[in-house]
Every structure is written in C-alpha cells, then in structure tokens.
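The values are calculated or read from the model by the stated rules, or taken from the named source; none is laboratory data. Every value quoted in this text rests on a predicted model; they were computed, and no experiment measured them. So basically every Cβ, Gly included, is an ideal-geometry build from the backbone, and we count neighbours across all protein chains shown. The area values use the complete protein model at the heavy-atom level, side chains included, leaving out ligands, DNA and RNA. Shrake-Rupley method; radii C 1.70, N 1.55, O 1.52, S 1.80 Å.
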Amino acid sequence: MNWSGITVGLATFLIIGVFHPIVIKAEYHFGKRCWWAFALAGVAFAVLSLFISNMVLATVTGVTAFSCFWSIHELFEQENRVKKGWFPANPKRKE
C-alpha cells in the first residue's frame, strides 16, 4: 500500500488547522502589518521544498509555503472580520 497520499492529505489538514489560529493571533497582536513575516516564511519554505529529495516531505513543505502565502490574504480578511465585530479587537494595539 502507498501511504503517501494519505500522509500528505493529513499533513495538509493539520497545517491549515494550525495556520487558522496563527492568523487570528497575529492580527490581534500585530494587525495586518505583519504580512511580510508570512511572506518571508512562505518564500523560505518554498525554497526549502526545492532542495528536499523526499517527495512527501517536499510536498508538505510546499503546502506549508503556500499556506503562509494564503495567510497574507487571511490577515486582511481577519481585519475586516474584526471591524464587523466577529472577532475581538485588541484594545492595547494602536494602528
């Protein structure tokens, strides 16, 4: 049996699940101005995936890279959700 597909699918599911609260916390503490950190992490994971010979690990690293890139979009969406009152705003943070 080939477990590669199930492994990549499970890893993708977990990565997306981990990034959701990371985006919420990042927006709460730093606002959308931390988008560059997700961009740098995405580039780093993308480059790293090019040098990994194990196909499953390279794929999971690539999924992590593009989850970082998608998180940039989600940061801006999260800001809108906060403005709508769906999530709490950080009273200590000044824009």
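At-a-glance table
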{"item": "By accessible area with a 1.4 Å probe, ligands and nucleic acids excluded, highest first: order of 14, 75", "result": "14, 75"}
{"item": "Net charge of Cβ neighbours under 15 Å - reference residue 23; Lys, Arg +1; Asp, Glu -1", "result": "0"}
{"item": "Segment residue 44-residue 80, length gained on full extension (0.36 nm per residue, minus Cα span)", "result": "10.2 nm"}
{"item": "Stokes-Einstein diffusion coefficient of the chain, Kirkwood radius over Cα pairs, 10 °C, 1.306 mPa s, in µm²/s", "result": "111 µm²/s"}
{"item": "Sparse-neighbour loop sites [trypsin sites (Lys or Arg not before Pro); the chain; at most 14 other C-beta within 10 Å; DSSP]", "result": "84, 92, 93, 94"}
{"item": "Dipole moment magnitude, nearest 20 debye, segment 3-95 about Cα centre, only Lys, Arg, Asp, Glu C-beta charged", "result": "440 debye"}
{"item": "Length-normalised contact order of segment 3-95 in % [C-alpha pairs under 8 Å, at least 6 apart]", "result": "37 percent"}
{"item": "Residue 16 - accessible surface, heavy atoms, 1.4 Å probe, Å² rounded to 10", "result": "100 Å²"}
{"item": "Average accessible area per residue (Å²) across the chain - probe 1.4 Å, nucleic acids and ligands excluded", "result": "70 Å²"}
